[in-house]
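Only the coordinates and a few stated rules stand behind these numbers; no lab work does. Just so it is clear, the model here is predicted, and its values are computed rather than measured. Counting neighbours? That spans all protein chains shown, and the Cβs are built from the backbone with ideal geometry, glycine included.
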Amino acid sequence: MTAEGTRGLFITFEGGDGAGKTTQAALLEKWLTDAGRRVVRTREPGGTEVGTLVRDIVLHHRGEVAPRAEALLYAADRAHHVETVVRPALDRGEVVIQDRYLDSSVAYQGAGRVLGTDEVRQLSLWATEGLLPDVTVLLDLDPSVARGRLDADDKPFDRLEAERESFHVRVREEFLALAAAEPERFLVLDATLPPARLAAAVQERVAPLVR
Ligand code: TYD
């Protein structure tokens, strides 16, 4: 089940770290609010108070977190976020713009941690009672280019960012495979394009859905 059937619209941004998701989510929010739409902009992990606590564990815990525990923590964050933030907004007829959703779990935990993409997807579908986005924008970026952007940022790496290049290559390949499997949901964009061109492509995809 997608957000169809409710009156709202559920749009997610996906991609590797450093791909520019946050910038594009902000630009889309501005475009839609300028057009008079009510928008809820949120993210995973960490879109709720409970989620902020989960985010702290998965991104900043200094010791080991077992891969299955990590997958369950992201799923727990998602279950709470969907029930308390996303579905209520969709039920009110609003547009939800979200930085990362279940495709991130499939790519990072399923492919990156090699837990199995089908099982991780099923876990998220159980957590969310089957909620899928109407549109998912994948900002595709070569992990070595992404690494350069993150280095330039000068922020310490979190647990996932600190993973090896081979991990991030698996994540990217899985995102592309997910997009190929569901072309009607995904819009794949080359994240090296200038932000204004990316924003225009996103607007073109979303425009018919918000008329
Ligand atoms: P993000 O909030 O995009 O990081 P930042 O704010 O530092 O740009 O995502 C945090 C990290 O969590 C990112 O490396 C991807 C990872 N992640 C997963 O591994 N699985 C998931 O299900 C989600 C939502 C994120």
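Of all residues in the stretch 64-75, those satisfying the criterion of being more than 19 Å from Glu14 (Cα to Cα) and among the aliphatic types (A, V, I, L, M) are Val65, Ala66, Ala69, Leu72.
Candidates in the stretch 134-147 are the residues that are within 13 Å of the ligand (Cβ to nearest atom) and part of a strand (DSSP E or B); of these, the one that is nearest to Arg205 (Cα to Cα) is Thr136. Of everything in the stretch 80-120 that's within 15 Å of the ligand (Cβ to nearest atom) and assigned to a loop (DSSP other than H, G, I, E, B), which residue is surrounded by the most Cβ atoms within 10 Å (Cβ to Cβ)? The extreme case among them is Tyr101.
Would you call Gly63 more than 14 Å from the ligand (Cβ to nearest atom), in contact with a helix residue (DSSP H, G or I) (Cβ under 9 Å, 6 or more places away or on another chain) and over 30 Å from Leu209 (Cβ atoms)? Judged against the criteria, Gly63 is not a match. For the stretch 148-165, the set of residues classified as in contact with a Leu (Cβ under 9 Å, 6 or more places away or on another chain), among the charged types (D, E, K, R) and in a loop (DSSP other than H, G, I, E, B) consists of Asp158, Arg159, Glu161, listed by residue number. Of all residues in the stretch 23-60, those satisfying the criterion of being of a type in the set (Val, Ile, Thr) and in contact with a Phe, Trp or Tyr (Cβ under 8 Å, 6 or more places away or on another chain) are Val54, Val58.
From the list Phe157, Phe167, pick out the single residue that is within 14 Å of the ligand (Cβ to nearest atom), without any contact (Cβ under 8 Å) to a residue 24 or more places away in the chain and of a type outside the set (Ser, Thr, Tyr). None of the other options fit; the residue is Phe157.
Would the stretch 188-211 turn up any residue that is farther than 26 Å from Gln109 by Cβ, touching a residue at least 60 places away in the same chain (Cβ under 8 Å) and assigned to a loop (DSSP other than H, G, I, E, B)? Checking the stretch 188-211: at least one residue is farther than 26 Å from Gln109 by Cβ, touching a residue at least 60 places away in the same chain (Cβ under 8 Å) and assigned to a loop (DSSP other than H, G, I, E, B). Residues in the stretch 14-35 that are closer than 16 Å to Leu193 by Cβ and either in contact with a Gly (Cβ under 7 Å, 6 or more places away or on another chain) or not in a helix (DSSP H, G or I) (or both): Gly15, Gly16, Gly18, Ala19, Gly20, Lys21.
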